[in-house]
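One structure below.
Bear in mind that the values in this text are calculations on the coordinates, not laboratory data. In this text the structure is predicted, and so the values were computed from the model without any measurement. Cβ: placed from backbone, ideal geometry, glycine included. Neighbour counts: every protein chain shown.
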Amino acid sequence: MKLSRPRRPGRALAALAVVALLSALARGVWVNGVFSGVTPGFSGSCKTLSNLPGVQDMETASGTVFLSVASAHGPGNADGIYAMPLAGGSPVKLAGGPKDFHPRGIGLYRAPGTDTMLLYAVNRRSTGRFSIDSFEVTQTGGAPALVAQGTIQSGLLINPQDVAVAGPNLFYVANGTAGSNVLIHGLQTYGIIPGGNVLYFNGTSFSALADGLYGTRSLVLTPKGDHLIVGGLLSRSLTTFTREPFTGALTEDGTLVLPAGPEKLSVDAQGQLRVAGHANLLDWRAMTTDPLRRAASQILRVSLLNGVPQAAEQVYGNDGSQIAGASVGVSVGNHLLIGSSLDGRLLDCTSK
């Protein structure tokens, strides 16, 4: 009787390695949208309002649009917070910003029953170090201005992208990829392994409340403040957390998969989301190194039910000829304002 030889452990390990490699490749193809594209379309007309070094984020309050402006190609003198009346006009840089100020995501907070408005910004300094800078927005001679309130730094601010404000000195921060070496960072950058998290500042210190996220680029609090919605650029999804208002603790509710990797989120007057996303991240990355490349732009509308995202539909799509690599969209009445951190254009689209 001939006995079969036992399978060598090396072959089994090699087979597992091949399966893992194929799984990683499949995930990388999907999350980066290698074969994805955008269907052009908008029910209305669009015009360019302004050309800026790079529109990183936008927030609206009190009849004003606040814009976070910073060049994607390095610190510049034009970087800062800009303001523009919703009734019309051009963005104007606000006085009062610090000298070394190159903002990414911003968040606004107005204390109930008061006129006091606070603005928080993720600041990437020219040295490469990060901080969260806070300001009071005042009216000086009828024009908004910034009055510095404080600067918060921490070793946990590895690659902060956005901030959502729950109260004075109470805020959440979206931390992006944070690999400690070239290989890990590369795997995180292309969405093969997780690397993002959400930090919470309780007025005294930071703590990490949500780990294991993919490419955390944006977050927003729902109008009631009971949910935090986090955009995962490298998971092509929105992850929703129920928020405990006294401690800031988060409990994951669920995830909505999107047809694009979300970069920035905003909430309209009806409490619905606008999401600027990148269907094909390879095209978007190519534009970061070559401004002549025109990555497609896409804005999605996401409906919410009790603070939880339900469904997404495209409200704006363009091949990049009108505006390339859109990073943020804000809905104001029948206007959709679209900005790009790479293209440097601010677009005003009016729906029919």
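Is the shape of region 44-90 rounded, prolate or oblate, going by the alpha carbon gyration tensor and its root eigenvalues a ≥ b ≥ c, with a/c under 1.5 for rounded and a/b larger than b/c for prolate?
Oblate is the answer for region 44-90, as a/c is 1.5 or above yet b/c matches or exceeds a/b.
Please pull out the direction-averaged projected area of the chain, using the convex hull of its alpha-carbon atoms, in nm² to one decimal place.
That works out to 21.5 nm², a quarter of the Cα hull's surface.
Give the calculated FRET efficiency between Arg110 and Ala249 to the nearest 0.05, with a Förster radius of 22 Å applied to their Cβ-Cβ distance.
Details: r = 24 Å, r/R0 = 1.08.
Efficiency at R0 = 22 Å is approximately 0.40.
Under a Cβ-Cβ cut-off of 13 Å, what is the net charge of the residues other than Met117 that fall near it, where Lys and Arg count +1 and Asp and Glu count -1?
Neighbour charge sum, excluding Met117 itself: -2.
Given a 10 angstrom Cα cut-off, can you work out which residue in Lys224, Lys93, Lys264 is the most mobile in a GNM of the chain?
Highest fluctuation of the listed residues: Lys224.
Estimate the FRET efficiency between Arg129 and Ser43 by the formula 1/(1 + (r/R0)^6), using the beta-carbon distance for r and 41 Å for R0, to the nearest 0.05.
Working: r = 44 Å, r/R0 = 1.08.
E(calc), rounded to 0.05, equals 0.40.
Determine the calculated [θ] at 222 nm for the chain from helices alone, applying -39500 (n - 2.57) to every DSSP H run no shorter than 4 residues and normalising by the residue count; nearest 500 deg cm²/dmol.
Using -39500 (n - 2.57) per qualifying helix, the result is -3500 deg cm²/dmol.
Based on the alpha-carbon gyration tensor of region 96-169, what equivalent-ellipsoid semi-axes (square roots of 5 times the eigenvalues) come out, in whole Å, largest first?
Equivalent ellipsoid semi-axes, largest first: 23, 15, 9 Å.
GNM on the chain, C-alpha springs below 10 Å: top fluctuator among Leu183, Leu146, Leu238?
Between Leu183, Leu146, Leu238, it is Leu183 that shows the largest mean-square fluctuation.
Where does each of Arg104, Arg294 land when they are ranked from fewest to most other beta-carbon atoms within 10 angstrom?
Ordered from fewest to most neighbouring Cβ atoms within 10 Å, Arg104, Arg294 come out as Arg294, Arg104.
Report the FRET efficiency, 1/(1 + (r/R0)^6), for Leu21 and Thr288, where r is their Cβ-Cβ distance and R0 is 30 Å, rounded to 0.05.
For Leu21 and Thr288, the calculated efficiency is 0.65.
Please state the shape class of region 1-84: rounded when a/c is under 1.5, otherwise prolate if a/b exceeds b/c and oblate if not, all from the C-alpha gyration tensor.
Values: a/c = 4.89, a/b = 3.03, b/c = 1.61.
Verdict is prolate for region 1-84.
How far is helix 9-31 tilted off the main Cα axis of the chain, in degrees rounded to 10, range 0 to 90?
On a 0 to 90 degree scale, this one is about 30.
Can you put His278, His102 in order of Cβ neighbours within 10 angstrom, beginning with the fewest? Walk me through the numbers before you get to the answer.
Values: His278 28, His102 24.
With the sparsest Cβ surroundings first, the list reads His102, His278.
Count charges around Arg104 for me, please; just the other residues with Cβ under 10 Å from its Cβ, Lys/Arg as +1, Asp/Glu as -1.
Net charge around Arg104: +1.
With only alpha-carbon pairs counted, each pair once and no self-pairs, how large is the Kirkwood hydrodynamic radius of region 212-274 in angstroms?
Computed over Cα pairs of region 212-274, the Kirkwood hydrodynamic radius comes out at 11.9 Å.
What is the fewest-to-most order of Lys99, Lys47 by other Cβ atoms lying within 10 Å of their Cβ?
Details: Lys99 6, Lys47 9.
Fewest-to-most Cβ neighbours within 10 Å comes out as Lys99, Lys47.
Would you mind working out the magnitude of the charge dipole of the chain relative to its Cα centre, with +1 at each Lys and Arg C-beta and -1 at each Asp and Glu C-beta, to the nearest 20 Debye?
For the chain, the charge dipole is close to 1380 debye.
Grab the Cα-Cα distance for Asn306 and Ala61, subtract it from 0.36 nm times how many residues apart they are, and report the gain in nm with one decimal.
Difference between extended and current length: 85.9 nm.
Just the Cα atoms of region 87-233: what Rg and Dmax do they give in Å?
Values for region 87-233 (Cα only, Rg and Dmax): 16.2, 53 Å.
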